[in-house]
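What follows is a short report on a single structure.
The values are calculated or read from the model by the stated rules, or taken from the named source; none is laboratory data. None of the values given here were measured: they were computed from a predicted structure. All Cβ positions, even for glycine, are placed from backbone atoms using ideal geometry, and neighbour counts span all protein chains on display. The accessibility values were calculated without ligands, DNA or RNA, using every heavy atom of the protein model including side chains. Shrake-Rupley method; radii C 1.70, N 1.55, O 1.52, S 1.80 Å.
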Amino acid sequence: MLRENQRHFKFDWITIILFLLLVGFGYLNILSASHIGEITSYFDTSQLYGKHMMFIGLTLILIILILSLEAKFYEKFASIIYLVAMLALVGLFIFGKEVNGARSWYGIGSMTIQPSEFAKFATALAVARFMSDLQTNMQTLKDQIRVAAIIFIPALLILLQNDAGSTIVYLAFFFVFYREGLQQIYLAIALSLIALAVIGLKFGVLITAAIAAIIIFSVYFLRRKKRGSILQYITVLALCVSFSYGVRLFYNHVLKPHQQNRISLWLRLENDPVKLQRMKKEEAYNLIQSEHAISSGGLSGKGFLQGTRTTGKFVPEQHTDYIFSTVGEEWGFLGSSGVVLLFVLLIIRILYLAESQKSQFSRVYGYSVASILFIHFTINIGMVMGLIPTVGIPLPFFSYGGSGLWGFTILLFIFVKLDSNKINEW
Amino acid sequence: MRKLLLLTTVVLVGLVFIARLFYLQVYDNSAYNIFEDIAIKKEYNYPKRGYVYDRNGELLVANQPSYDVMVIPREVAPLDSLEIDEFCRLLKITREDYDKKLKRATSYSPRLPSPFVPQLSKRDYAVLQEKMRKYEGFYIQKRSLRSYQTTIGANVLGDIGEANRATIAKKPYYRLGDLIGNQGVEKTYEEVLRGVKGIKFIQKDRFNKNIGPYKDGIYDTLPVPGKDITITIDSELQAYGELLMKHKRGGIVALDPSSGEILAMVTGPSYNPNDLVGRNRSKNYTKLHYDTIAKPLFDRGLLAQYPPGSPFKVMNALIGLQENVIDVNDTYTCRLGYYYGSRKLTGCHHHSNPTDMNHGISQSCNGYFVHVYRKIIDKYSDAGEGMNVWAKHARSFGLGDFLHNDLSVGRKGRIPDGDYYDRAYGDNRWGSTYIVSNAIGQGEVETTPIQLANMTAAIANRGFYYTPHIIKKIQDDTIPKAYTTPKYTTIDKQHFEPVIQGMFDVYNKGTAQSLKVPGIDICGKTGTAENFIKIDSVKTQLTDHSIFVAFAPKDNPKIALAIFVENGYWGSRFAGKMASLMIEKYIKGTITRTDLEDWILTHSLEDEYKKPYSGEPFEINRGAKLQVIDNYATELPDTSGGLKL
Ligand SMILES: [Zn+2]
């Protein structure tokens, strides 16, 4: 009986400590980015940092709740949880509240809640449930389409609510599928498509076509024995060219001007200095401020609550999507690379635990958790440092906001629970 | 393999992020500088600039308030055409000026303040102040400008102007729009006069609103007021010198030999220091700067470098005595010049013979001094060594190098040595006969008036001098020790008496007999310097410069001076008369030689200066006609009529 109890509480403390470090450090930075004037009370809920403190308090209760449920519960109810999450997303079209042009919030009294933050763990559960089904074979196109549908539904709903950033997160599942046996060709295709899109936008369709032709026909001539019909190759080339052309069409006619500008700035597409200047003014203000704030931090930063740009609120949305610029300014290179390291360690730890799971459900779910955290981490910090185009998604555990914090906490702690139960799986 | 894709991607992204952070924060980031932090507004508090007094405690330079319209281009709110026109009317500028100024300010920095319209009049300020709130991004900054209590001494006092970008780059204390000493004592005593500005750091938010002192003001400083200084100038003597220099070009430097203090430092032509204050400053400065013919900004007392002519003969007399190659009583017979074999090396004028040292100095005999000079050089087996010894003695009088004093400009002059002629003629391919012009101050020797004045002071002191300087007192501070320590020449004291007697006899029976001042024993020496300019790239000789050095009284000298008048012909003609007048003015306070004064005030050299530019052929020296003027000034220049506070 004692032994049983011990097993019961065998949670992975490394993960939990990394989580606590991120949340705690995140809180300090939110405090710095959001305080106005003197800090009278850390629990002052009229201030954002006070509210966030309250969110953290509720998170702890949430964690206890998640860990006290039976591990089997999550596998059993995966489909239902998924269904509820999707309904919540659909409900937004009717009851949703629009904030900053995105209709992705429910207003309950003075509170707002963002269901897309909860849809992530729900989708991860559903994907894990589906893929761990003995009937499922990821090598077959039929199941590939089915699993794609599971992630496509929330992605589409979120996109329709004008929250493009959160949609991109669903690309994370590619890593999961690949791990679970998706054919190599998909990886090759994915990488090719990214290359085609970037080269097509930057250098034009003609150059893209030329490069693609050289590569494709080299393959044709090198594969003397199994080269097959030349028509196949021409078809591939045609597809490449049309894709690249399609991307341009999409860029020019579907994307909204601010989205165009972000990509244009990132790929340095604009050569007209006047237009470039205007573009920077309109689109890159946040980014420039955030880069300046980070680089002004230097090696060791200006110190907690001492960031002049943070105190002056120079970086808009600094407590949410741009929270990492506070870390950069006040904690310098040492602090910000420390945060990068914490994330990398957390993701690697989850990957390690996922690989050690006995049940496929737990493994797939763990892998999904790692992938989702990874995508958030990469896009958010990459954006704040100007490495990738501006995409508005939060930094897990760090950014201000109840929905986000809770969404990520549930996502992570379901896995902590599943992991603690791996011995019982037998 | 499949397990590794995400793992390697995570590690890779982590590395890329850390590299990017390193680039942004460590590699690309010069240490955090609060002055470049746009989140911190810097508010400066300028202290009072120190006043300048003359040696008798008369206030020369004070301050007056001035109001500048400043602009921060980023914050300028869009105005419609009518509003801009109204604003231009208030500022008294045209619409084109407005656009141009705004563009220039933006190109300097959109977020830092630039001066927009400097130095409003008090009246314009009063009108504008009411309406300033309408024009966002513009504000009025109060500053303190100089107020000259006098119209003299522009070259001595100097001026202050806005620090230019090159200065700002070198001296980070200054920001665009800050004032800095530009010439004269304003430049050399800039840091004393200026004080230290105070600074307040204010935290701003991104809407540029002040949200309180940065870190509760722990970095804020209070301004340190500038210190008052007293300069060595006697403003009455300075004013008199400037009066005498009217209608002439040249320089006067008068020293107190017992201290090295500069009593007067005159340059002609000059200008009213008030011209370089206020809104017309830049227009007037440009005018002065581009007058390349009269060069009013060129301080001739400090910068006019020419062969000194005959005053240099006394130097050769002193060196001859020190090197023991002649005796005071040795005589030489001058046959209208100096002959080397049958070759005449230098000419001379009619005078009685035989010539001893006293006679040589008082009659300014060229032959005698070539004789002495050759004896000095030929005392050594090698002419180069002889020249080096000679140069060492001459240099001990502060010649041939900067004086290292507290004046904003100066020149080294030239005292040639053995190396100099080795370079000119080839090693050892020359001898004393090649370089006899140095005997009479006409060769390669070159000096400035202040160097000649200092040489004269060293003779007056019988063998030492104090570095000529302009500072007498600094409020709550002492003046540099270098100025109060005597510097000894290499000539022994006893050799000076016979030479001084010779200079005294210049007045008694020599070339300056007509310039005696009753009751004052003056010692002096006349001189002329040949000079040439290029007209249409043809080297053309102009009328000689008139040069004079003197000190008085003979015993316990109170004043030593050098005067240089461009194209004044011979030494006693212009410079000598002016020397007597300056000495009488300083020692007696009144002028008894009114005949000399009248002559100087009524004679102008302006026609002489126009000749080379007239395009017509002209005569020089003996052939040149003296210009007499009737509408001359007799009043001293105003020493107290400047702007009053
Ligand atoms: Zn003679």
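In terms of packing, defined here as the mean over residues of other Cβ atoms within 10 angstrom, the peptides B:406-416, B:570-580 line up highest first as B:570-580, B:406-416.
Please average, across the residues of A:173-182, the number of beta carbons from any other chain that are within 10 Å of each residue's own beta carbon, and give a whole number.
On the way: counts 0, 2, 6, 1, 0, 4, 5, 1, 1, 1.
Rounded to a whole number, the mean comes out at 2.
Taking a ≥ b ≥ c as the square roots of the eigenvalues of the Cα gyration tensor, an a/c ratio of 1.5 or more together with a/b no larger than b/c marks region B:117-213 as oblate.
Roll a 1.4 angstrom probe over the protein heavy atoms and tell me the percent of accessible area of chain B that is carbon or sulfur.
Summing carbon and sulfur atoms, their accessible area is 51 percent of the total for chain B.
In terms of accessible area, using a 1.4 Å probe and ignoring ligands and nucleic acids, B:His545, B:His350 rank largest first as B:His350, B:His545.
Checking the a/c ratio against 1.5 first, then a/b against b/c, what shape does the Cα gyration tensor give for region B:1-152? Verdict is oblate for region B:1-152.
Need one value for A:310-317: mean number of C-beta atoms belonging to other chains within 10 Å of its residues' C-beta atoms.
Mean partner shielding for this stretch: 5.
Report the Cα centroid-to-centroid distance between region A:27-66 and region B:213-232 in angstrom, as an integer. What the calculation gives is 43 Å, centre to centre. Per-residue surface analysis assigns A:Trp266 an accessible area of about 100 Å², computed on protein heavy atoms at 1.4 Å probe radius.
Exceedance of the 22 Å cut-off in Cα-Cα distance is limited, within the set B:Lys187/B:Lys295; A:Lys280/B:Lys103; B:Lys493/B:Lys525; B:Lys481/B:Lys554; B:Lys171/B:Lys204; B:Lys171/B:Lys197, to B:Lys481/B:Lys554; B:Lys171/B:Lys204.
For every other residue with a beta carbon closer than 11 angstrom to the beta carbon of A:Leu201, add +1 if it is Lys or Arg and -1 if Asp or Glu, then tell me the sum. Don't skip to the end; give the middle numbers.
On the way: positive: A:Lys202, A:Arg248, A:Arg268; negative: none.
Residues near A:Leu201 contribute +3 overall.
In this assembly, the A-B interface accounts for approximately 3500 Å² of buried accessible surface in total, computed with a 1.4 Å probe and without ligands, DNA or RNA. Solvent-accessible surface, computed for protein heavy atoms with a probe of 1.4 Å, shrinks by 50 Å² or more for the following residues of region A:374-421 when the other protein chains are added to the isolated chain: A:Phe374, A:Met385, A:Leu387. Is it possible to state the helix-based mean residue ellipticity at 222 nm for chain B, with each DSSP H run of 4+ residues giving -39500 (n - 2.57), the sum divided by total residues, to the nearest 500 deg cm²/dmol? What is it? Value at 222 nm, helices only, nearest 500: -9000 deg cm²/dmol. Going by accessible surface with a 1.4 Å probe and the largest first, A:Glu317, B:Glu58 read A:Glu317, B:Glu58.
Under the definition of Cα pairs under 8 Å and six or more residues apart, what whole-number percent is the relative contact order of chain A?
This gives 25 percent for chain A.
Across chain B, the mean sequence separation of Cα contacts (distance under 8 Å, 6 or more residues apart), normalised by length, yields a relative contact order of 14 percent. Where the centroid of each part is defined by its Cα atoms, how far is region A:172-251 from region B:416-470 in Å? So the two Cα centres are separated by 87 Å. Could you state, as a whole-number percent, how many of the C-alpha pairs of region B:543-631 are farther apart than 20 Å? The calculated P(r) of region B:543-631 puts 42 percent of pairs beyond 20 Å. When chain A is treated as a GNM with alpha-carbon contacts under 10 Å, the residue of A:Phe397, A:Phe174, A:Phe121 showing the greatest mean-square fluctuation is A:Phe174.
Each Lys or Arg adds one and each Asp or Glu subtracts one; over the other residues with Cβ under 14 Å from the Cβ of B:Val436, this totals +3. If you plug the beta carbon distance of B:Tyr340 and B:Thr106 into 1/(1 + (r/R0)^6) with R0 = 60 Å, you get a FRET efficiency near 0.25. Averaged over the residues of peptide A:346-358, the number of Cβ atoms from other protein chains lying within 10 Å of each residue's Cβ is 2.
The mean accessible area for residues of chain A, using a 1.4 Å probe and ignoring ligands and nucleic acids, is 47 Å² per residue. All alpha carbon pair distances within the protein assembly as shown were sorted into 10 Å bins beginning at 0; the resulting P(r) in whole percents reads 2, 9, 13, 14, 11, 9, 8, 8, 8, 7, 6, 3, 1, 0, 0. Annotation: extensible slack from B:Arg2 through B:Glu497 equals 167.4 nm (criterion: 0.36 nm per residue apart, minus Cα-Cα distance).
Filter chain A for me: DSSP H helices, axial length by Cα at least 20 angstrom, mean Kyte-Doolittle hydropathy not below 0.0. List them by residue number.
Counting only whole DSSP H runs, the qualifying helices are A:13-34, A:48-68, A:78-95, A:115-132, A:141-160, A:184-203, A:205-222, A:230-249, A:323-355, A:360-384, A:402-420.
Spatial offset of region B:143-167 relative to region B:300-349 amounts to 44 Å, using the alpha carbon center of each. Quick one: grab the alpha carbon gyration tensor of region A:41-118, order the square roots of its eigenvalues as a ≥ b ≥ c, and give me rounded if a/c is under 1.5, else prolate or oblate depending on whether a/b is larger than b/c. Oblate is the answer for region A:41-118, as a/c is 1.5 or above yet b/c matches or exceeds a/b. Near A:Tyr400, the amide H atoms lying under 5 Å from its own belong to A:Thr320; only residues 5 or more places off or on other chains count, and H is placed 1.01 Å from N. Helical content alone sets the calculated 222 nm signal of chain A at -23000 deg cm²/dmol, taking -39,500 (n - 2.57) per DSSP H segment of four or more residues and averaging over every residue. Solvent-accessible area of chain A (1.4 angstrom probe, protein heavy atoms only): carbon and sulfur portion equals 68 percent.
Ranked by the mean number of other Cβ atoms within 10 Å per residue, highest first, peptides B:557-563, B:536-542, A:372-378 order as B:557-563, A:372-378, B:536-542. Going from the isolated chain to the complete set of protein chains, region B:187-207 loses at least 50 Å² of heavy-atom accessible area (1.4 Å probe) at B:Arg206.
Given a 1.4 Å probe, how much area per residue of chain B is accessible, in Å²? Don't skip to the end; give the middle numbers.
Details: 28940 Å² over 645 residues.
Accessible surface, normalised per residue, equals 45 Å².
State, as an integer percentage, the relative contact order of region B:183-229 based on alpha-carbon contacts under 8 Å between residues 6 or more apart. Computed over region B:183-229, the figure is 46 percent.
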